[in-house]
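**Q** My questions will all concern the structure given below.
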Amino acid sequence: CVVFEFVSTFTFTFELHKDGDSFTELFTRQRIQRHPNTILQQDNACPHVARIVTAYLNENNIRVLPWPANSPDMSTIEHVWDEMKRRLRDLENPPQNRQQLQVALVNIWNEIPQAFHGNLVRGMRRRINACIATRGGHTRY
């Protein structure tokens, strides 16, 4: 979870189900409820907009930022994933199994400087303006 004030700890699961159960449990209960003024930004992927997730968000008054579907160039977390993939590829001893992968990803998440995340958040105005300029089309981000 990346928000303006902080970057949360990296929580990892291999068990994200299409029905949204894991998303609801893992993300919203553990993160959003700790920060009641949070506005959730998600990419409208099927697990994120499943009925169970939508119902949970509504029942718990969790605000969701309106967001265009299929807009990875607008989402700051996509840049974080790219950075994590780069760092994972550059490891001297790449993970050989799920447990090693989980440890590596948590370590990589923790090693990414706070300034990296802050720059992405501060760059949102540029991303939004670029999206408006292209009338929702592709941007350089």
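The values are calculated or read from the model by the stated rules, or taken from the named source; none is laboratory data. Source: prediction; values computed, not measured. Cβ sites come from the backbone with ideal geometry, for glycine too, and all protein chains shown count toward neighbours. These accessible areas exclude ligands, DNA and RNA; they are computed on the full protein's heavy atoms, side chains included. Shrake-Rupley method; radii C 1.70, N 1.55, O 1.52, S 1.80 Å.
**Q** Based on what the data block shows, is residue 134 surrounded by 10 or more Cβ atoms within 10 Å (Cβ to Cβ) and in contact with a Leu (Cβ under 7 Å, 6 or more places away or on another chain)?
**A** When the stated conditions are applied, residue 134 does not pass them.
**Q** Can you tell me which residue is most open to solvent (accessible area, probe 1.4 Å) among those in region 62-120 that are over 27 Å from residue 37 (Cα atoms) and assigned to a loop (DSSP other than H, G, I, E, B)?
**A** Residue satisfying both the conditions and the ranking: 92.
**Q** Hey, another quick one. Would you mention how many residues in region 63-114 are closer than 19 Å to residue 140 by Cβ and of a type in the set (Lys, Arg)?
**A** Total meeting the criteria: 1.
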